[in-house]
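**Q** Can you keep this structure in mind? I'll have questions shortly.
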Ligand code: NAP
C-alpha cells in the first residue's frame with residue numbers, strides 16, 4: 001500500500017519530536033514536510049531541533065529542511081504541535097487552504113463544530129466534521145485532541161460512565177516535558193513542586209465534559225459530571241500522575257470498577273489500528289503503583305495505568321491514574337485520531 005505523506009507543524013518542539021519518533025516506520029504515514037518558527041526555518045531538521053528523546057531522530061527526517069509554517073507546500077494531512085500562541089491563526093490558515101489538521105493545541109478544542117477526540121472514548125464525535133466546512137468556510141478540516149492531563153483523566157473516567165458518574169475531584173502531578181522545551185527552569189523545578197500551571201485546571205474541567213458528552217442532533221451535549229481540578233508540576237521527566245476521587249449515581253463494587261477499567265475497549269481496538277494498545281486502561285494490583293518510572297511506557301506509551309482503588313470517605317471511590325503526556329497525551333493520541341479518520345474514509 002502506498003504511504004500517505006504527512007506534515008508536522010511545530011516539528012521542533014517536544015510534541016513535534018514525539019510525532020517524528022512515533023511516525024518512524026509507521027505503516028500508513030510518512031513524514032514529508034516540517035514547519036516551525038522563523039528561528040528554525042531554512043535549517044536542516046537535525047540543526048533546528050534540540051532533540052530530547054532517547055532514540056536517535058530518523059535519518060530521513062533529520063535531513064529535511066524546516067519550512068515556514070504556512071500552507072502551500074505541505075501535504076494534505078498535517079499534524080500540529082504548535083505553540084498555542086500561534087496555533088489559532090496558523091492552523092486556521094491551513095484548514096482554509098484545504099489541509100486536514102490534527103492538532104494538539106488548545107485553540108479550537110472547545111469550538112462547537114470541532115471534534116475533541118480520544119478515539120477509544122468518543123470516536124463518534126468525528127461526525128462533527130460533516131458540518132464543519134460549511135460552518136467555518138474551510139476547504140479543509142480541524143480535529144483536536146485534549147490537553148495531556150485531560151486525556152489521562154477522561155480515559156480513567158470513561159469506563160465509569162456506566163455507573164452514573166456525578167463528580168470527579170482531581171489533583172495532578174505533571175511531568176516537566178508537559179511544559180515544552182526548555183520548559184520550566186531547573187532552578188524552579190529541581191527538588192520542588194510548583195502548585196500552578198496556567199490555564200490547566202479550566203481545560204481539565206471543560207474538556208472532560210465535552211469528551212465524555214453525547215453527540216445529539218449534530219452537536220455535543222456535555223456530560224453532566226462536575227470536575228474540580230488542582231494541578232501541580234513535579235520534577236518527573238515524562239508521565240502525568242493523577243489522584244482522582246469520584247462520586248457515582250449507582251452503587252458499584254470494587255471488583256465491578258476494576259473489571260470496567262480492564263474491560264474498556266474502543267473503536268481503535270475493534271479496527272486494530274496501528275497505534276492502538278491492546279488494552280487502553282490497565283488496573284495494577286500492586287499497592288505502590290502506578291509510578292512514572294515503571295509504568296509510563298506501558299502499551300508503547302498509549303496505555304493509561306490505574307491503581308490504588310479504594311473507598312473515599314468524602315465521595316465514593318478514589319484511585320491513581322498515570323499516562324504518558326507526550327504520547328497518549330499528545331502525539332500518540334493525534335496519530336490514533338488520524339489512523340481512525342483514514343480507516344473510516346474521512347481523509
Ligand atoms: P514546545 O516544545 O515549546 O514547541 C513549540 C513548537 O511551536 C516549536 O516547534 C516551535 O518552533 C513552534 N513555534 C513557536 N512559535 C512559532 C511561530 N511563531 N510560528 C511557527 N511555529 C512556532 O511546545 P510543546 O510542549 O511541543 O507543545 C506544543 C503544543 O502542544 C502546545 O500547544 C501545547 O499546549 C500542546 N500540548 C503539549 C503537551 C506536552 O506534553 N508537551 C501535551 C498536550 C498538548 P521553533 O522551535 O522554531 O521555535
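The values are calculated or read from the model by the stated rules, or taken from the named source; none is laboratory data. Being a predicted model, the structure only gives us computed values, none of them experimental. Note that each Cβ is placed from the backbone with ideal geometry, even for glycine, and that neighbours are counted across all protein chains shown.
**Q** Given (1) under 20 Å from residue 104 (Cβ atoms); (2) within 13 Å of the ligand (Cβ to nearest atom); (3) surrounded by fewer than 19 Cβ atoms within 10 Å (Cβ to Cβ), where does residue 26 come up short, assuming only one miss?
**A** (2)
One line per residue, one yes/no per condition, for (1) in a helix (DSSP H, G or I); (2) touching a helix residue (DSSP H, G or I) at 6+ places or on another chain (Cβ under 7 Å):
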site: 294; (1), (2): yes, no
site: 299; (1), (2): no, no
site: 309; (1), (2): no, yes
site: 328; (1), (2): yes, yes
site: 334; (1), (2): yes, no
site: 337; (1), (2): yes, yes
site: 347; (1), (2): no, yes
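**Q** Residues being buried (at least 18 other Cβ atoms within 10 Å of the Cβ), in contact with a strand residue (DSSP E or B) (Cβ under 6 Å, 6 or more places away or on another chain) and either outside any strand (DSSP E or B) or modelled with pLDDT under 95 (or both): count how many of those fall in the range 273-291.
**A** Count: 1.
**Q** Take the conditions part of a strand (DSSP E or B), touching a helix residue (DSSP H, G or I) at 6+ places or on another chain (Cβ under 6 Å), on the phi < 0 side of the Ramachandran plot and away from the ligand (no atom under 12 Å from the Cβ) and apply them to residue 31. Does it pass?
**A** So residue 31 fits the description; yes.
**Q** Taking the range 127-149 only, how many residues are part of a helix (DSSP H, G or I) and either within 13 Å of the ligand (Cβ to nearest atom) or touching a helix residue (DSSP H, G or I) at 6+ places or on another chain (Cβ under 8 Å) (or both)?
**A** Looking only at that region, the number is 3.
**Q** Tell me the residue from 114, 152, 102, 121 that is closer than 30 Å to residue 244 by Cα and in a strand (DSSP E or B), please.
**A** 102
**Q** Residue 49 - would you say it is free of Cβ contacts under 8 Å to residues at least 40 places away in the same chain, surrounded by 18 or more Cβ atoms within 10 Å (Cβ to Cβ) and over 30 Å from residue 132 (Cβ atoms)?
**A** Against the criterion (free of Cβ contacts under 8 Å to residues at least 40 places away in the same chain, surrounded by 18 or more Cβ atoms within 10 Å (Cβ to Cβ) and over 30 Å from residue 132 (Cβ atoms)), residue 49 qualifies.
**Q** Ok, one more. When the residues of the range 163-185 are filtered to those that are out of contact with any helix residue (DSSP H, G or I) (no Cβ under 9 Å at 6 or more places or on another chain) and more than 9 Å from the ligand (Cβ to nearest atom), which remaining residue is farthest from residue 243 (Cα to Cα)?
**A** Top of the filtered list is 185.
**Q** Working carefully through the options 70, 74, 2, 50, find the one that is touching a strand residue (DSSP E or B) at 6+ places or on another chain (Cβ under 6 Å) and either near the ligand (Cβ under 9 Å from one of its atoms) or under 25 Å from residue 98 (Cα atoms) (or both).
**A** Unique residue meeting the criteria: 74.
**Q** When residues of the range 312-338 are filtered for being in contact (Cβ under 8 Å) with a residue 24 or more places away in the chain and over 14 Å from the mean Cα position of the chain (by Cα), how many remain?
**A** Count: 9.
**Q** Could you list all residues from the range 198-229 that are touching a strand residue (DSSP E or B) at 6+ places or on another chain (Cβ under 6 Å) and surrounded by fewer than 15 Cβ atoms within 10 Å (Cβ to Cβ)?
**A** Within the range 198-229, 214, 221, 226, 228 qualify.
**Q** Moving to a separate point now. Considering only the range 72-92, how many residues are buried (at least 19 other Cβ atoms within 10 Å of the Cβ) and assigned to a loop (DSSP other than H, G, I, E, B)?
**A** Number satisfying all stated conditions: 3.
**Q** Would you check which residues across the range 93-112 are away from the ligand (no atom under 15 Å from the Cβ), in contact (Cβ under 8 Å) with a residue 60 or more places away in the chain and surrounded by fewer than 21 Cβ atoms within 10 Å (Cβ to Cβ) and list them?
**A** 112
**Q** Additional query: Which pairs do you get when a residue that is closer than 22 Å to residue 72 by Cα and modelled with pLDDT of 95 or more, found in the range 128-147, comes within reach of a residue that is more than 16 Å from the ligand (Cβ to nearest atom) and part of a strand (DSSP E or B), reach meaning Cβ atoms under 9 angstrom, with the pair 6+ apart or on two chains?
**A** Once the first residue is closer than 22 Å to residue 72 by Cα and modelled with pLDDT of 95 or more and sits in the range 128-147, its partners that are more than 16 Å from the ligand (Cβ to nearest atom) and part of a strand (DSSP E or B) give 132/141; 140/100; 141/100; 142/100; 143/100.
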